[in-house]
Amino acid sequence: MSFNDIIKNKFIEEVTDVSVSEIFTAVLLACVLGVFIVLIYKITFTGVVFNRNFALGLVLLPMITSLVVLCISSNIVLSLGMVGALSIVRFRTAVKEVMDTVFMFWAITAGIVVGAGFTIVAIIATVVIGLLFVLISWAGNFLDKTGLSTGGGYLVVILYDYRAADEVLRGINSLPKYKIKSKSLSGRLEELVLELKMSEKDFETLRKIKGIKGVEEVNTVSHSGSTIL
């Protein structure tokens with residue numbers, strides 16, 4: 001047997017048939033896991049606007065990925081061609097939130113595992129990861145509410161009349177350890193930017209600072225958004 005015959009027999013003609021039942025099973029299971037991932041995403045969502053298109057994408061991702069893996073596993077030549085085709089695909093949509101990227105990777109991984117035929121592994125791993133993620137999220141919220149958390153990083157911007165500078169300084173000294181990022185003067189107004197870690201109880205101190213006569217505005221900015229007092 002020549003080398004060409006070996007290549008033809010082992011690679012070109014060697015195709016593993018994928019039954020219709022396997023296709024339906026993989027797609028349905030991937031859909032169920034995708035819905036479960038979306039539920040976890042919605043339960044642990046901490047943003048302001050819930051993106052339904054992104055949630056729909058989390059359901060479709062494991063379904064599409066499972067089909068791709070099924071096709072790849074049926075023929076080695078097809079798998080090489082598909083890898084080459086997918087390598088030139090470029091997605092230009094930027095994912096701003098880190099956790100959104102994590103959920104996308106989770107959905108894709110679930111689809112890969114389902115497509116590879118590891119049904120039990122896909123179910124157990126997805127459920128365990130989801131429950132642990134909810135538990136961790138709940139624990140973080142609990143620590144924030146009870147004040148046991150060390151708090152997150154914030155930038156505090158205080159705009160005030162320069163004549164109230166001494167009273168503002170006494171107020172910010174009640175905050176946790178902070179670092180002055182900038183201080184600017186425009187006419188009679190001064191703007192002070194602080195960098196510090198705060199818990200929920202420290203926002204009460206900021207409200208007291210906002211009540212000082214001469215303080216125009218107190219803004220707090222974090223990685224997850226901003227609030228204005």
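The values are calculated or read from the model by the stated rules, or taken from the named source; none is laboratory data. Keep in mind that what you see is a predicted model, and the values were worked out from it rather than measured. A quick note on method: Cβ atoms are made from the backbone with ideal geometry, for glycine too, and the neighbour counts reach across all protein chains shown. Calculation scope for accessible area: heavy atoms of the full protein, side chains included, ligands and nucleic acids excluded. Shrake-Rupley method; radii C 1.70, N 1.55, O 1.52, S 1.80 Å.
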Selected residue (criterion: most open to solvent (accessible area, probe 1.4 Å)) from residues of segment 21-72 that are free of Cβ contacts under 8 Å to residues at least 40 places away in the same chain and not in a helix (DSSP H, G or I): Val49
The lone exception for Glu204 - which of (1) part of a strand (DSSP E or B); (2) exposed (fewer than 11 other Cβ atoms within 10 Å of the Cβ); (3) of a type in the set (Asp, Glu) it fails: (1)
Residue, farthest from the chain's Cα centre (by Cα), within segment 164-194, restricted to residues that are modelled with pLDDT of 85 or more, outside any helix (DSSP H, G or I) and surrounded by 14 or more Cβ atoms within 10 Å (Cβ to Cβ): Leu189
Of all residues making up segment 107-120, the number that are without any contact (Cβ under 8 Å) to a residue 12 or more places away in the chain and open to solvent by less than 80 Å² (accessible area, probe 1.4 Å): 1
Qualifying residue in segment 93-116 (condition: touching a His at 6+ places or on another chain (Cβ under 8 Å) and at pLDDT below 90): no
Test: residue in segment 214-222 that is open to solvent by 60 Å² or more (accessible area, probe 1.4 Å), touching a residue at least 24 places away in the same chain (Cβ under 8 Å), over 22 Å from Thr46 (Cα atoms) and outside any helix (DSSP H, G or I): yes
Hits in segment 97-119 (condition: of a type in the set (A, V, I, L, M) and more than 16 Å from Thr25 (Cβ to Cβ)): Val98, Met99, Val102, Met104, Ala107, Ile108
